[in-house]
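Student: Please read through the structure below; I'll follow up with questions.
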Amino acid sequence: MAKKTSITQKYRRLLHSETMAGLVLILAAGLALLWANFPLLTIRQAYTEFSHLTLGPSELHLNLSLAHWAADGLLAIFFFVVGLELKQEFTTGSLRDIRKALVPVLAAVFGMLGPIAVYIGIQALSNSTNLDGWAVPVATDIAFALAVLGLFGKGLPPAARTFLMTLAVVDDLLGIILIAVFFAKDLNFSMLGIAILLIIIFGILSQKRIIKWYLLWPLGILAWYFMHLSGIHATIAGVALGMTVPALQRKAEKQALTAHLSDKLHFYSAGLVLPIFAFFAAGVNIVDAGGFSSMFTDPVAIGIYLGLPLGKLLGITGGVLLLISVFRLRLGANLTIMDVLPISLIAGIGFTVSLLIATLSFDPSTEISAHARVAVILGTLISAILGAVSTKWRTKYRHRYSDRTELHRSSP
């Protein structure tokens, strides 16, 4: 007799698809937006009251709102998985050979400079002095971007996925550095030192394969807590912890420890942490902040929702063109600058990290913060649509070109 599949098991299977994981994020963000902007004032106020509900002991400096817990606490699990993926890529993945990874690595740098330039340019043209959101449109959401490429880019060479993966990984790393450097407040070096010591102990235990949950979990939570007290955004502890885990597989192991822990935590990261974070970060009351028309015309919002698609397009495509035409660097096998163009638009999908940076860049209670967070969603949506359409066009062109080439070769 066949066993019944539980809802949790079905959901877990669903999340193995990058596309479905992205849709879950969109659903969580959309639900929050609908609730926060519901026509009845009492209902939309209920969302605000819910997100601002404070939990935790004030004596330990942990009396945080639910929204704060989602961004600082739960998101550390996601960043731990990011740290594991970064370690894997640097040790055995696409970033191991810097000569092969050089173009997408430099493209990631250009891909951050492009959105910054677009954002600053729009503020200058609008006579706006608000430059606090310059870092918001720089990020690329790895899972979301790869889902769009996988769905619409089936005719592109395998090097296209490697290029986007490498670019997005470096982009994430640079985004993490931005968070650590530019959003640190009132640094407490004593607390930071304790956090670093705990991370080192975590790393030593991991290297020795002492991975009992009752040892690693308390160490990880304490490292997060002291990082929180240090003034550096607490999620940085998650990345640092993930980077200490060994990525080389031993003979007796079925898979590397980074891959093992990543598989263990994938469901919780993609299926619980990210949707909860998206629910609290995207639930912005635009109705009481001047309406959507006000958001569309706010220079800060324009800089973000144009900075993501346009900035990435100009930065990545322009940067790669410079690298291959002036510095004579090479793209991956069968990859051309025309393939990079739709990939650069897909790279404008900045959802998770961009939302986090938006919450850090502005006071969450202000109108500008509301506009910035909705602009991230809009910019991501524009990037996803333009990236999907342009990728589809490019794959169709490649199919037609390959068909004509095959016909020419077969003709007498």
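The values are calculated or read from the model by the stated rules, or taken from the named source; none is laboratory data. Model, not experiment: these values are computed from the prediction. Every residue, glycine as well, gets a Cβ built from its backbone with ideal geometry; the counts of neighbours run over all protein chains shown. What goes into the accessible areas is simple: the full protein's heavy atoms, side chains included, and nothing from ligands, DNA or RNA. Shrake-Rupley method; radii C 1.70, N 1.55, O 1.52, S 1.80 Å.
Student: Has the range 297-314 got any residue that is in contact with a Lys or Arg (Cβ under 7 Å, 6 or more places away or on another chain) and aliphatic (A, V, I, L, M)? Spell out the reasoning first.
Tutor: Restricting attention to the range 297-314, the residues satisfying the condition of being in contact with a Lys or Arg (Cβ under 7 Å, 6 or more places away or on another chain) are none.
No, the range 297-314 contains no residue that is in contact with a Lys or Arg (Cβ under 7 Å, 6 or more places away or on another chain) and aliphatic (A, V, I, L, M).
Student: Restricting the search to the range 82-101, which residues are of a type in the set (Lys, Arg) and under 16 Å from LEU174 (Cα atoms)?
Tutor: Scanning the range 82-101 gives a single hit, LYS87.
Student: Scan the range 211-232 and tell me whether some residue there is farther than 19 Å from VAL170 by Cα, among the hydroxyl-bearing types (Ser, Thr, Tyr) and open to solvent by 10 Å² or more (accessible area, probe 1.4 Å). Quick ask: steps written out before the conclusion?
Tutor: Applying the first criterion (farther than 19 Å from VAL170 by Cα) to the range 211-232 yields 211-232.
Adding the requirement that they be among the hydroxyl-bearing types (Ser, Thr, Tyr) leaves 214, 225, 230.
Now narrow it down to the ones that are open to solvent by 10 Å² or more (accessible area, probe 1.4 Å): 214, 225.
Checking the range 211-232: at least one residue is farther than 19 Å from VAL170 by Cα, among the hydroxyl-bearing types (Ser, Thr, Tyr) and open to solvent by 10 Å² or more (accessible area, probe 1.4 Å).
Student: Can you tell me which residue among ALA282, ALA278, ALA333 is under 26 Å from ARG161 (Cβ atoms), of a type outside the set (Asp, Glu) and under 24 Å from the mean Cα position of the chain (by Cα)? Full working, then the answer.
Tutor: On the way: ALA282 fails: under 26 Å from ARG161 (Cβ atoms); ALA333 fails: under 24 Å from the mean Cα position of the chain (by Cα).
Among ALA282, ALA278, ALA333, only ALA278 is under 26 Å from ARG161 (Cβ atoms), of a type outside the set (Asp, Glu) and under 24 Å from the mean Cα position of the chain (by Cα).
Student: I need the full set of residues from the range 176-210 which are crowded, with 17+ Cβ neighbours inside 10 Å and among the polar types (S, T, N, Q), in order please.
Tutor: Matches in the range 176-210: SER206 only.
Student: Continuing with the same structure: Enumerate the helices (runs of 4 or more DSSP H) found wholly within the range 243-323, keeping only those where 3 or more residues are open to solvent by 40 Å² or more (accessible area, probe 1.4 Å). Break it down stepwise before answering.
Tutor: On the way: elements: 257-268, 274-282, 291-297, 299-306.
Answer list for the range 243-323: 257-268, 291-297.
Student: PHE144: touching a Phe, Trp or Tyr at 6+ places or on another chain (Cβ under 7 Å), among the aromatic types (Phe, Trp, Tyr) and at pLDDT below 90, yes or no? If you could, list the steps in order and put the result at the bottom.
Tutor: Numbers: touching a Phe, Trp or Tyr at 6+ places or on another chain (Cβ under 7 Å): yes; among the aromatic types (Phe, Trp, Tyr): yes; at pLDDT below 90: yes.
Criteria met by PHE144.
Student: Filter the range 57-81 for residues that are among the aliphatic types (A, V, I, L, M), open to solvent by 20 Å² or more (accessible area, probe 1.4 Å) and under 16 Å from the mean Cα position of the chain (by Cα); which is farthest from VAL170 (Cα to Cα)?
Tutor: LEU74
Student: What are the residue pairs meeting all of these: first residue in the range 95-116, first residue within 17 Å of ARG161 (Cβ to Cβ), second residue charged (D, E, K, R), Cβ atoms under 6 Å, and 6 or more apart or on different chains?
Tutor: So the pair list comes out as LEU95/GLU89; ALA108/ASP171; GLY111/LYS312.
Student: Additional query: With the structure loaded, tell me whether ALA159 is assigned to a helix (DSSP H, G or I) and at pLDDT below 90 or whether it fails that test. Spell out the reasoning first.
Tutor: Values: assigned to a helix (DSSP H, G or I): yes; at pLDDT below 90: yes.
Considered against the rule, which asks whether it is assigned to a helix (DSSP H, G or I) and at pLDDT below 90, ALA159 comes out as yes.
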